[in-house]
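Colleague: Below is one structure. I have some questions about it.
The values are calculated or read from the model by the stated rules, or taken from the named source; none is laboratory data. This one's a predicted model, so the numbers in the text were calculated from it and none came from an experiment. Neighbour counts are summed over all protein chains in view; Cβ atoms, including those assigned to glycine, are modelled from backbone coordinates with ideal geometry. Just so you know, the surface numbers come from the protein's heavy atoms only, side chains and all, with ligands and any DNA or RNA stripped out. Shrake-Rupley method; radii C 1.70, N 1.55, O 1.52, S 1.80 Å.
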Amino acid sequence: LDGLRGSFNFRDGRWQGYFGSDFNATFQFDEVQKIDSVVSSFYQYNLSWIFIPNKISVYTSMDGINYYERGSLETNISNRRKGQFFEEFTITFPEVKANYIKFKSTNIGVCPPWHPAAGSESWIFVDEIRFY
């Protein structure tokens, strides 16, 4: 959320990496916001065990207790895709007011059977979640 985009070098200090787990975050605003979309960027470089998540979901809340799912998507990016790349995903929904946003992304789990490190835990790398 610092406005600095990650590059094709996942070691540039701008990507946040999570090993063997999903990436979930809750954002709290100082005042009520009107939002209708969430944009996120994820990085994939399967030779380094980094994969795009399987699923991304967005939830909003006014009180930080009761959350409502506003949208989700299956990413459908092949984990066999070669090279280093990042993808941006947008989840849109009817405009709502929110004090809190929960953002969830699901790790693929372990490296697939075809991978040289099959069965080893995998990474999620995320950068710049934006709300509109």
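Colleague: Nothing charged except the Cβ atoms of Lys and Arg (+1) and of Asp and Glu (-1): what's the magnitude of the dipole of the chain about its Cα centre? Round to the nearest 20 debye.
Modeller: 400 debye
Colleague: Which FRET efficiency value, to the nearest 0.05, do you get for residue 80 and residue 14 by plugging their Cβ-Cβ distance into 1/(1 + (r/R0)^6) with R0 = 22 Å?
Modeller: According to the calculation, E is roughly 0.30.
Colleague: Give me the number: length gained by fully extending residue 97 to residue 114, i.e. 0.36 nm times residue separation minus the C-alpha to C-alpha distance, one decimal in nm.
Modeller: Length gained between residue 97 and residue 114: 1.7 nm.
Colleague: Moving on to the next point. In 5 Å bins starting at 0, how do the alpha-carbon pair distances of region 36-122 split up by percent?
Modeller: Result returned by the calculation: 3, 14, 23, 19, 13, 11, 9, 6, 2, 0.
Colleague: What pairs from 82/102; 55/102; 34/102 go past 20 Å between their alpha carbons?
Modeller: Where the Cα-Cα span goes over 20 Å, the pairs concerned are 82/102.
Colleague: On to the next question. Given a 1.4 Å probe and every protein chain left where it sits, what share in percent of the accessible area of region 76-132 is carbon and sulfur?
Modeller: Values: 1510 of 3050 Å².
After summing per-atom areas, the C and S share lands at 50 percent.
Colleague: Which three numbers, in whole Å and largest first, are the semi-axes of the equivalent ellipsoid of region 19-68 derived from its Cα gyration tensor as √(5λ)?
Modeller: Each semi-axis is the square root of five times an eigenvalue, giving 28, 12, 9 Å.
Colleague: Relative to the present Cα-Cα distance, how much length would full extension add between residue 90 and residue 28 at 0.36 nm per residue of separation?
Modeller: Extending this stretch completely gives an extra 20.3 nm.
Colleague: How big is region 81-132 in terms of Cα radius of gyration and Dmax, in angstroms?
Modeller: 15.6, 46
Colleague: At 1.4 Å probe size, with every protein chain present, just tell me what the per residue accessible area of region 43-132 comes to in Å².
Modeller: On a per-residue basis, region 43-132 sits at 51 Å².
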